[in-house]
Structure formats: structure tokens, C-alpha cells
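The values are calculated or read from the model by the stated rules, or taken from the named source; none is laboratory data. For clarity, every value in this text was computed on a predicted model and none was experimentally measured. When we count neighbours, we look across all protein chains shown, and the Cβ atoms used for this are built from the backbone with ideal geometry, even at glycine. Please note that ligands, DNA and RNA were not included when accessible areas were found on the heavy atoms of the full protein model with its side chains. Shrake-Rupley method; radii C 1.70, N 1.55, O 1.52, S 1.80 Å.
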Amino acid sequence: MSDLLFTNARLIDPEANTDTLGWLHVRDGIIQRQGSDIPPSIDTIIDCRGKCLAPGIVDIGVKVCEPGERHKESYKSAGAAAAAGGVTTMVTRPDTTPTIDNPETLEFVTRRAQAEAPVNVLPMAALTKGREGSEMTEIGFLMDAGAVAFTDCDHVISNTKVFTRALTYARSCGALVMAHPQEPILSAGTAATSGKFAALRGLPAVSPMAERMGLDRDIALLEMTSARYHADQITTARALPALERAKNNGLDITAGTSIHHLTLNELDVSDYRTFFKVKPPLRSEDDRQAVIEAVRTGLIDIISSMHTPQDEESKRLPFEEAAAGAVAMETLLPAALRLYHSDQLDLPTLFRAMSLNPANRLGLNSGRLSAGAPADLVLFDPDVPFILDRATLKSKSQNTPFDGQRMQGRVQATYVAGHEIYRRA
């Protein structure tokens, strides 16, 4: 048996909603117990020196560009970025080239992930073939091949009949469907959120109501089908009342938001800085504050990186033409700690949204510090300051909006099943 004892740790337990000093005992990659009294006698001891020890992050919605665009991100580089960011489980998107919409492609990426990534990798598959919204995939076969959820990512299925059939079939299989709430016609070709700022910059903009309209439609279809549903990103105050009503009505619905929409707003685009171009576009400060409050109350369940690598050629273009997306696995925790340092969210709440809730939504036993859970852990110092240099990121693509920004809080070490997979030099 392999025993490991973490001592002098600030234990962040999202399940118990506690932040306490204590120790954690791990045996054969499984958490045995924790406490604040005299620790047991164990040969291998890791002195955390008062730093925070929390469940590893379960990141839903990571794009790894295999197959098709390995020059942007591979499983090897994404796995290294995840480990450096305290992400112990990547839940990957199917928007690759070709799309992950059949068991053969899914099995290929699963083999690549197992061979190259030091973290757990759980793949999602497309809901419709080619993510074209016209013919649903073989959901049952893809589940047998290992798909943990189904999504067409930012390709909204505009054909309501097709989406209804897909939800109905997914419900019969017990599959989770992840959708992008957006009215596709209103949001097509836009690059900013409508308002004074977008008008002054001359940017094609979309109203926040497009998100509300997309969510309203999806909620109506959930009432018809009783499917399991997760909204990938809720980013506007207008969408929150509809989400709250759906939850109060007993629908099987959860919602996420991205770290960029929690920590940045539309003004950060400033002089057409394309590293700040994401999808959906950055919102107003009022929207940002409303979404933070929704995370605090639990209305929004999950915070994710929405890690989307784009190469220099895709970003060094006029703002309207530049590709949307940003890398975020390495910056997810430091950016989230901005909300902690501003006294908006405490650490147990942050890790409930980044670790416990995504694990629960996927039926995983991780994301917690309780006995019997896998020892997928992140050790971090929430107070150490640094200036982010994107050249030091482990992702192949380094399109981060946080380049050159002052940040506070860094990962010191990451563990998967009790094995150290990363330690800051």
C-alpha cells in the first residue's frame, strides 16, 4: 500500500463548505480521511506550509485540436497546461476537424489522450453529424465508446424538430446534452455586445436578449422532453430569471459560465484587442456582476475555462474577422482568485463551481475531499503575486487576454490519483 500524508494544509472542502487548517491522508490514490487534530504516523509526508489544498478542477468544455489542428493544441500540450493550472480532469469538446461524431473518431482521441495527457480526459461527442444540425449522431453507440455528454458547441441547432428528436433520444439513453443558448440569426456575424461601446467602436453587435431567447427555446423543449441539459455559458442578467424558473419547475437543467465572463467586460476590448474576442462576446459590467452573484447563490452551477486555442494567424486580424476564443486552463485559477481577493466569492464557493458541481453533473466521484474520492488535488498559494507572460504558457497557442496583467495566486503542485504530475519550479 502507498500512503501519503498532506500536513499543514489549508483544506478547501467545497462539499462541506469549509476552509480549515488540517491534514489529508491518501492511500493508493484514494482519499482516506482528513482532520485537524494530531495527524496519523505516515512515512511519506508532504508539508503544505499553510498553502491551500483543494480538489482538482474538473473543466467542462476544453477544446483540444486533435484531430485536424495539432499546431494549435495537442493532447500533450493541453495536458501539460491542465496540470500547470490545477485541472485534473479535462472534459473535451468535439469541435475538431473532423468532428467527433462517430465511435471511431472518439476512440482515436481517447487513445491519444491516454497516451499523451497526464490528467484525466473525458471526451464529449457531437449531438448532430458534423455539428450541422440536421441529423443526430448515434448517441447510444457513442456512449458505449466513452462519450460523457453531447454537444454541437457554438453551432446552435436551429431546426427545432431535429433538436427535439435529439433531446428525446438522449433522454431515453440517460445522456447529458450541453447546448449554447443563443438565438442563431441575431447572433450571426457579431463580435460585441450591443450598446454604446460597440456603437462607438463600429463593431457588429448582438443584444443580450439573444441569449435569453435561445435559453427560453431550450427550456421549452426540456419541458417537452424531460432531457438532461446543461447550458454551457450564461453570461447576461437577462437570462437569469428564465434559468431560475426552469430550476424551480424541476427541470433537469444546470448552467455554466466562463472565467472570462466573470472577470472581464466589454470595455476590455479597448483598441480592438482580438485576444479579448470570445464567444459569446464580453458583456457589460452590470451583466458581469449579475453572473458573479448567480455563481455565489448557486443559480449558475459551473465555472469553466472554455479553453479555445487559436494560432497567431487567426488572431492577428481585424477584430471582426479574428477568430473567437482564448486559452484559459493555466489562467483559470489565478483569474478566479480575483473574485476571492475582491471578496465576491470565497474559496469553497469557487471550488464548488470549478470542481464539485461539474463532477456531480457528470456522475464522477471526484471534485471533493471526502473519504473514498480519488486523490485528484491542487496545492496552490492564493496570495503570491505575479505578472503573466503568455510566452511561459504551456499551451501551443498562447492567445490569452491576461498577457501582461498583474495576477495573484499560483498553482504549486497538482496530483492525479495521488501521483504528482506537476510542481512549480
* To do: Loop sites only, by DSSP: take the trypsin sites (Lys or Arg not before Pro) in the chain that have at most 14 other C-beta atoms within 10 Å and name the longest stretch containing none of them.
  => 50-272
* Protein chains only, probe 1.4 Å: how do H230, H341 rank by accessible area, largest first? -> H341, H230
* What's the FRET efficiency of T18 with Q405 using the Cβ-Cβ distance as r and R₀ = 41 Å, to the nearest 0.05? -> 0.85
* FRET efficiency, 1/(1 + (r/R0)^6) with R0 41 Å, evaluated for D3 and L267 via beta carbons -> 0.20
* Structure fact -> Expected max-MSF residue from G140, G409, G363 in the GNM of the chain (alpha carbon, under 10 Å) is G363
* Asked: Roughly how many nanometres apart are two label points built 7 Å out from the Cα toward the Cβ at R70 and C173?
  -> 2.8 nm
* Leaving out ligands, DNA and RNA but keeping every protein chain, what accessible area does V119 have, in Å² rounded to the nearest 10, with a 1.4 Å probe? -> 10 Å²
* Structure fact -> Listed residues D43, D218, D287; largest mean-square fluctuation, Gaussian network over the chain with Cα springs below 10 Å, found at D43
* To do: Kindly flag which residue pairs out of K72/K277; K129/K161; K51/K76; K63/K277; K277/K396; K63/K315 have an alpha-carbon separation exceeding 23 Å in this structure.
  => K51/K76
* To do: Determine the principal axes of the Cα atoms in the range 67-218, then give the extent along each, sorted from largest to smallest and rounded to whole angstroms.
  => 49, 38, 25
* **Separation of the D43 and D389 label points, Cα + 7 Å toward Cβ, nm** => 4.1 nm
* Asked: Within the range 404-418, what residues put their amide N at less than 14 Å from the label point 7 Å along the Cα-to-Cβ vector of H341?
  -> 404-411
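Loop-only GluC sites (Glu not before Pro) in the range 109-139, please: DSSP not H, G, I, E or B, and at most 14 other Cβ atoms within 10 Å.
Listed in order of number, the matching sites are E135.
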* To do: Would you look at the GNM of the chain, springs on alpha carbons closer than 10 Å, and say which of E330, E104, E69 moves the most?
  => E104
* Structure fact -> Computed about the Cα centre, the charge dipole of the range 1-153 from +1 Lys/Arg and -1 Asp/Glu charges at the Cβ has a magnitude in debye, to the nearest 20, of 460 debye
